[in-house]
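The numbers here are math on the coordinates, done by the rules we state, and not lab data. Since the structure is predicted, the reported quantities are computational estimates derived from the model, not experimental observations. So basically every Cβ, Gly included, is an ideal-geometry build from the backbone, and we count neighbours across all protein chains shown.
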Amino acid sequence: MDPLDFFTPEASLGSLAVAAFLAATLVPLSSEAALFGVLKLHPELAWPAIVVATVGNTCGGLTTYLIGRFIASRKPLAGGDAVRRWGAPALLLAWAPFFGDALCIAAGWLKVNWLGATLFSAAGRLARYWVIAQGALW
């Protein structure tokens, strides 16, 4: 196997999907850096890379949401005020560092509608990746 095979478009998109998924869980990774790198190597993959990063990161966020659902108890959730007040639209900020994972856990804990959570989360993540792509391709 040639070491340069790791830089093919397919391998780059696969690595991006894994990085984006893991970055949306409690694993400290930067999916933005992965997207930036893929776009620097393969600028022709702008939209496929944005889609792959969005889907991977959204799936990772839904995993965190499910963790919140599974650990939910009858105790009230401390600090879930934004999700309690705004519901699924609060997940437009699920991509944000430091509190994005907490929003996903709180949404699961509070049993926010999963479809709404998915759509709002994906919309916020798509917007973020589009901005990152614009910077990488500029």
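Backbone phi angles across segment 107-115, fed through the Karplus curve with coefficients 6.51, -1.76 and 1.60 (θ = phi - 60°), yield HN-Hα couplings of 4, x, 4, 7, 6, 4, 3, 5, 5 Hz in residue order; Gly and Pro are listed as x. Going through [x] 25, 15, 13; [y] 31, 15, 11; [z] 22, 17, 14, the figure that equals semi-axes √(5λ) of the Cα gyration tensor in Å as computed for the structure here is [y]. Taken along its three principal axes, the alpha carbon spread of segment 80-137 comes to 39, 23, 14 Å, from the longest extent down to the shortest. Restricting the trypsin sites (Lys or Arg not before Pro) of segment 90-138 to loop positions (DSSP other than H, G, I, E, B) with no more than 13 neighbouring Cβ atoms within 10 Å leaves Lys111. Between helix 31-41 and the chain there is an angle of about 20 degrees, using the helix long axis and the longest principal axis of the Cα atoms. The chymotrypsin sites (Phe, Trp or Tyr not before Pro) of segment 1-109 that meet both conditions, a loop assignment by DSSP and at most 15 other Cβ atoms within 10 Å of the site Cβ, are Phe98, Phe99. Using C-alpha pairs below 8 Å separated by at least 6 residues, the relative contact order for the chain is 28 percent. Of the trypsin sites (Lys or Arg not before Pro) in segment 26-78, the ones in a loop by DSSP (not H, G, I, E or B) with at most 11 other beta carbons within 10 Å are Arg74. Charging the Cβ of each Asp and Glu at -1 and of each Lys and Arg at +1, and nothing else, the dipole of segment 3-137 about its Cα centre rounds to 720 debye.
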